[in-house]
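Contents: one structure, followed by commentary.
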Amino acid sequence: MKILLLDDHTLFREGIALLLKRLHSEVCTIMAGSCEEALDLLKNDAGINLMLIDLCLPGMSGLDGMSVLREKYPNIPFVALSSNCDRETALLALGRGAMGFIPKNSAVDTMIAALRLILAKGIYLPPSVFLDEQYPQIAHTSHKVLGANTDPKELGLTPRQIDVLYWILQGISLKNISRELNISVNTVKAHTSVVLRTLNVTTRTQAIIVASRLGLKFA
């Protein structure tokens, strides 16, 4: 297992690299101090399973880097790491395609559990993200909680709609979803409308919050 860790603090990187051994005995942590360095590494290092990205980086910011990385490497999930634990920061990261948001002050067990969930094609968000008065419908979407391991089929979606939902949660554009699934953009739009309506949301960011709340995992 290969994990790319982007953080400009050497001591923090080395500490996280040691902790990641708890995730998998044979994990290989590749380190970068900036988005620019990470992009250079990705050109020559295939097989990355996961990226951990600090939002506060020199040069290209973590948020801007996420947009570039999601466009170039849509199949590699990434997680946002941040010293800022506020809801706005978490939602900004989700909007750039992050499959999880882990505050740097999280307990080690919480971080490891979150990474296991994301590697299993789930989504992790700290509980504070669910408490958003701006989206009251989300709080009542389901009585299920994070980790419920809900199969997307339980939502009543077709297999193709589930595929579209998966790529929506990855932060992929409609055009690129069309390319990935070999269907027209209009068909993607139609499936997206059904998916969002099923989740009782109107945006991708709201969708990923609900997916996390439901504990959705994709086979």
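Below are the figures for this structure:
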{"quantity": "Karplus (6.51, -1.76, 1.60) ³J(HN,Hα), θ = phi - 60°, over segment 78-83, in Hz, Gly and Pro reported as x", "calculated": "9, 10, 8, 10, 7, 6"}
{"quantity": "Sulfur and carbon atoms: percent of accessible area, the chain [1.4 Å]", "calculated": "54"}
{"quantity": "Length-normalised contact order of the chain in % [C-alpha pairs under 8 Å, at least 6 apart]", "calculated": "18"}
{"quantity": "19 Å reach of a label modelled at VAL68, 7 Å along Cα-to-Cβ, counting backbone N of segment 78-94", "calculated": "78-81, 93-94"}
{"quantity": "Neighbourhood charge, 12 Å Cβ-Cβ cut-off, centred on LEU20 and excluding it, Lys, Arg +1 and Asp, Glu -1", "calculated": "+3"}
{"quantity": "Per residue, in Å², the accessible surface of segment 12-72 once ligands and nucleic acids are set aside, probe 1.4 Å", "calculated": "48"}
{"quantity": "Cα point-scatterer Debye curve for segment 49-115, base-10 log of I(q)/I(0) at q = 0.11, 0.17 Å⁻¹", "calculated": "-0.23, -0.54"}
{"quantity": "In nm, spacing of pseudo-spin labels at VAL108 and ILE30 (7 Å Cα→C-beta vector)", "calculated": "2.6"}
{"quantity": "Fully extended contour minus Cα-Cα distance, from SER61 to SER83, at 0.36 nm per residue", "calculated": "6.5 nm"}
{"quantity": "Straight-distance crosslink candidates among lysines, where the alpha carbon sits under 27 Å from LYS21 and sequence neighbours closer than 8 are dropped", "calculated": "LYS2, LYS43, LYS104, LYS121, LYS217"}
{"quantity": "Segment MET1-ILE183, length gained on full extension (0.36 nm per residue, minus Cα span)", "calculated": "62.3 nm"}
{"quantity": "Inter-part distance where segment 74-90 and segment 3-38 are each reduced to a Cα centre, Å", "calculated": "16"}
{"quantity": "Nearest 10 degrees, 0 to 90: helix 204-214 Cα axis against the chain principal axis", "calculated": "90"}
{"quantity": "Karplus (6.51, -1.76, 1.60) ³J(HN,Hα), θ = phi - 60°, over segment 17-24, in Hz, Gly and Pro reported as x", "calculated": "4, 5, 5, 5, 4, 6, 6, 7"}
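The values are calculated or read from the model by the stated rules, or taken from the named source; none is laboratory data. Please read these numbers as outputs of a predicted model, since none were measured by experiment. Every residue, glycine among them, receives a Cβ derived from its backbone with ideal geometry; neighbour counts consider all protein chains shown. Just the protein is used for accessible areas: all its heavy atoms, side chains included, with ligands, DNA and RNA removed. Shrake-Rupley method; radii C 1.70, N 1.55, O 1.52, S 1.80 Å.
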